[in-house]
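Engineer: One structure is given below, represented as structure tokens, and several questions about it will come after.
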């Protein structure tokens, strides 16, 4: 699987437990929940989606299948918003 790459046309900043991501192309602002913020940080570090799922399952005390599904859905939304590319 190809690695995900963050768009170069974004700004992301942590605000407490949340993360705010701004798409500079269309000026859309996204407020990420604590779990989505952690997923974002792991993506920035280049961690594979399967490992992200494992880390989130452990950190947020959810089962692996739920974490995996949530990470896949989140990455799909990031792709649709133009915030990440690749990973196909």
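The values are calculated or read from the model by the stated rules, or taken from the named source; none is laboratory data. Here the structure is a predicted model, which is why all the values come from computation and not from measurement. Neighbour counts are summed over all protein chains in view; Cβ atoms, including those assigned to glycine, are modelled from backbone coordinates with ideal geometry.
Engineer: Every residue in the range 45-71 that is under 24 Å from residue 11 (Cα atoms) and surrounded by fewer than 13 Cβ atoms within 10 Å (Cβ to Cβ), please.
Structural biologist: Within the range 45-71, 45, 46 meet the criteria.
Engineer: Taking the options 29, 21, 71, 47, name whichever one is within 16 Å of residue 5 (Cα to Cα) and part of a strand (DSSP E or B).
Structural biologist: Just one listed residue meets the conditions, 21.
Engineer: Using beta carbons and a limit of 9 Å, which pairs, at least six apart or on different chains, have the first residue in the range 19-46 and at positive phi and at pLDDT below 95 and the second one surrounded by 12 or more Cβ atoms within 10 Å (Cβ to Cβ) and in a strand (DSSP E or B)?
Structural biologist: The qualifying pairs are 46/4.
Engineer: I'm trying to understand the selection: among the residues of the range 79-88, which are without any contact (Cβ under 8 Å) to a residue 24 or more places away in the chain and surrounded by 13 or more Cβ atoms within 10 Å (Cβ to Cβ)?
Structural biologist: Listed by number, the list holds a single entry, 79.
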